[in-house]
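Student: One structure, pasted below without further comment.
The values are calculated or read from the model by the stated rules, or taken from the named source; none is laboratory data. Computed from a predicted model, the values in this text were never measured in an experiment. Counting neighbours? That spans all protein chains shown, and the Cβs are built from the backbone with ideal geometry, glycine included.
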Amino acid sequence: MSDRYFNAERPWTGWTVLLTLLGFFGVVFAVNGVMIYEALSTMSGVETDSAYQAGLQFEQEVAQAEAQDARRWQVDARLTPSSGGERLDVSARDAAGRPLDGMQATAVFERPTDRRLDRNVVLVEDAAGRFHGSAEVAAGQWDIVIELTRHGEQMFRSKNRVVLK
């Protein structure tokens, strides 16, 4: 091989090496900055506001779940597409199959990946133990959280994952 392939027209000086390294690392830092910004702006990463407070409430939640299981209530929910999004119909019966009276019902469509997309559903009571409401939600995975309360006390809570198309 001849030396003409190895001889550069411009020699590499200390300044050339310095500027090349600064340019390279500048591009790396800029790309990392863009990636960090995009990651934090699309998902905050926070699932609970205070993990400590959630831990303190754990025993209370266990007691409520045990009391709920002891009641043996039958709560069924059905989703149907409607013009305003998804219609949610909830039916609540006691262990003997009688409709539950005097209950207030709430429901929330929770996005598992981003709490900012959660949608509350206003449930209206049609008859004793029968509620309906609708919410405009996008396609994808959602958790439906249904709660029944009586005089401000939570009597029933369920959380189920659904996939909307």
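Student: Could you tell me which of the residues D118, D94, D126 is in the same structural domain as I144 (by TED's automatic domain parsing), modelled with pLDDT of 90 or more, of a type outside the set (A, V, I, L, M) and in contact with a helix residue (DSSP H, G or I) (Cβ under 8 Å, 6 or more places away or on another chain)?
Tutor: D94
A quick yes/no check of all residues on (1) in contact (Cβ under 8 Å) with a residue 24 or more places away in the chain; (2) in contact with a strand residue (DSSP E or B) (Cβ under 9 Å, 6 or more places away or on another chain); (3) of a type in the set (K, R):
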{"residue": "D69", "(1), (2), (3)": "no, no, no"}
{"residue": "L79", "(1), (2), (3)": "yes, yes, no"}
{"residue": "G97", "(1), (2), (3)": "no, yes, no"}
{"residue": "L123", "(1), (2), (3)": "yes, yes, no"}
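Student: Are any of the residues in region 138-151 in contact with a strand residue (DSSP E or B) (Cβ under 6 Å, 6 or more places away or on another chain), aliphatic (A, V, I, L, M), surrounded by 16 or more Cβ atoms within 10 Å (Cβ to Cβ) and over 15 Å from R78 (Cα atoms)?
Tutor: yes
Student: Just checking, which of Q64, Q154 is more than 30 Å from S41 (Cβ to Cβ), more than 21 Å from the chain's Cα centre (by Cα), in contact (Cβ under 8 Å) with a residue 24 or more places away in the chain and assigned to a helix (DSSP H, G or I)?
Tutor: From the options Q64, Q154, the qualifying one is Q64.
Student: Here is a follow-up. Just to be sure, is S91 surrounded by 10 or more Cβ atoms within 10 Å (Cβ to Cβ), more than 14 Å from R150 (Cβ to Cβ) and touching an Asp or Glu at 6+ places or on another chain (Cβ under 6 Å)?
Tutor: Criteria met by S91.
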